[in-house]
1. Could you tell me whether region 146-155 includes any residue that is crowded, with 21+ Cβ neighbours inside 10 Å, outside any strand (DSSP E or B), of a type in the set (Lys, Arg) and touching a strand residue (DSSP E or B) at 6+ places or on another chain (Cβ under 9 Å)?
2. Any residue at all in region 117-134 that's surrounded by 21 or more Cβ atoms within 10 Å (Cβ to Cβ), in a helix (DSSP H, G or I), out of contact with any helix residue (DSSP H, G or I) (no Cβ under 6 Å at 6 or more places or on another chain) and not aromatic (Phe, Trp, Tyr)?
3. Can Ala62 be described as surrounded by fewer than 17 Cβ atoms within 10 Å (Cβ to Cβ), in contact with a helix residue (DSSP H, G or I) (Cβ under 6 Å, 6 or more places away or on another chain) and in a helix (DSSP H, G or I)?
4. Anything in region 85-95 that is in contact (Cβ under 8 Å) with a residue 40 or more places away in the chain and on the phi < 0 side of the Ramachandran plot? List them, or say none.
5. Return the residues of region 167-189 that are closer than 14 Å to Met120 by Cα and surrounded by fewer than 20 Cβ atoms within 10 Å (Cβ to Cβ); say none if nothing qualifies.
6. Does Thr108 fit the bill of being in contact with a Phe, Trp or Tyr (Cβ under 9 Å, 6 or more places away or on another chain), buried (at least 16 other Cβ atoms within 10 Å of the Cβ) and either assigned to a helix (DSSP H, G or I) or touching a residue at least 60 places away in the same chain (Cβ under 8 Å) (or both)?
7. Looking only at region 190-230, filter to residues that are hydroxyl-bearing (Ser, Thr, Tyr) and under 17 Å from the mean Cα position of the chain (by Cα); which one of those is surrounded by the fewest Cβ atoms within 10 Å (Cβ to Cβ)?
Amino acid sequence: MPKNVIITGANGGLGTALVNKFLKSGFKIIATVFSEKHIDTMEKNDHLDVQAVDLSDEQVAADFAAAAIEKYGTIDAVIMLVGGFAAGGIEKTTGDDLDKMFSLNFETAYYTARPLFEHMMNKNSGRLVFVGARPAVKASDGKNMLAYALSKSLVIKLAELLNAAAKGKNVTASVFIPSTIDTPANRSSMPQANFEDWVKPEQLAGLMEMACTETGAPLRENIFKVYGNA
């Protein structure tokens, strides 16, 4: 029987690579996009269920998780890709800037993970995959993107706390911390960069799949720094 995986933010550069990788590996995917107009951008597949969900709304996220559990019975893994970026050091970072980054990067992950973590704990099986960021663990990189770095640091801490809560269970949270991912959006914003040094979405998708399969079953308290040569 195919395993069921939720992939949020599935229509982005990394999301597209993940969907393709997990479909080829035989997973059933419940994918989220932000709005209805994005649903039609996803390739049709019998094993792909695409839904428009605003995961920054706690009740909407909870209802989505409950409906997925009711429909599919068991959610084996959830990969949380929803997020965004903003530059600015402390002299330019306002409370509103913090709120925006916390909502987009941390709260979307928290509201998604919370009900699914409970489901996985009850089933004694599950994998949660978060996306961190190098500025959250390397202060020299984060000083000029303060709100972004702080919001991603909360994601990393959340995974640590969930692993502590799940100790002794077959439930784990992993954090993947990429450098720059080679997506069309990043190429457009940094046209002078050496794209060959960047992490390919397909490489990251393969590593995330490993964390969700039997190959990665022995791993615990996982923080993967996927920097490539960048």
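The values are calculated or read from the model by the stated rules, or taken from the named source; none is laboratory data. A quick note: this is a predicted structure, and the numbers were derived from the prediction, not measured. Don't worry about glycine lacking a Cβ; one is built from the backbone with ideal geometry, like all the others, and counts go over all protein chains shown.
1. yes
2. Within region 117-134, one or more residues are surrounded by 21 or more Cβ atoms within 10 Å (Cβ to Cβ), in a helix (DSSP H, G or I), out of contact with any helix residue (DSSP H, G or I) (no Cβ under 6 Å at 6 or more places or on another chain) and not aromatic (Phe, Trp, Tyr).
3. Spelling it out, Ala62 is indeed surrounded by fewer than 17 Cβ atoms within 10 Å (Cβ to Cβ), in contact with a helix residue (DSSP H, G or I) (Cβ under 6 Å, 6 or more places away or on another chain) and in a helix (DSSP H, G or I).
4. Phe85, Ala86, Ala87, Gly89, Ile90, Thr93, listed by residue number.
5. The answer is Lys167, Gly168, Lys169, Asn170.
6. It is false that Thr108 is in contact with a Phe, Trp or Tyr (Cβ under 9 Å, 6 or more places away or on another chain), buried (at least 16 other Cβ atoms within 10 Å of the Cβ) and either assigned to a helix (DSSP H, G or I) or touching a residue at least 60 places away in the same chain (Cβ under 8 Å) (or both).
7. Tyr227
Quick grid of which residues meet (1) in contact with a Leu (Cβ under 6 Å, 6 or more places away or on another chain); (2) at pLDDT 95 or above; (3) within 19 Å of Thr183 (Cα to Cα):
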{"residue": "Asn11", "(1), (2), (3)": "no, no, yes"}
{"residue": "Phe22", "(1), (2), (3)": "no, yes, yes"}
{"residue": "Ala62", "(1), (2), (3)": "no, yes, no"}
{"residue": "Lys71", "(1), (2), (3)": "no, yes, no"}
{"residue": "Ile79", "(1), (2), (3)": "no, yes, yes"}
{"residue": "Ile90", "(1), (2), (3)": "yes, yes, no"}
{"residue": "Asp99", "(1), (2), (3)": "no, yes, no"}
{"residue": "Thr108", "(1), (2), (3)": "yes, yes, no"}
{"residue": "Glu118", "(1), (2), (3)": "no, yes, no"}
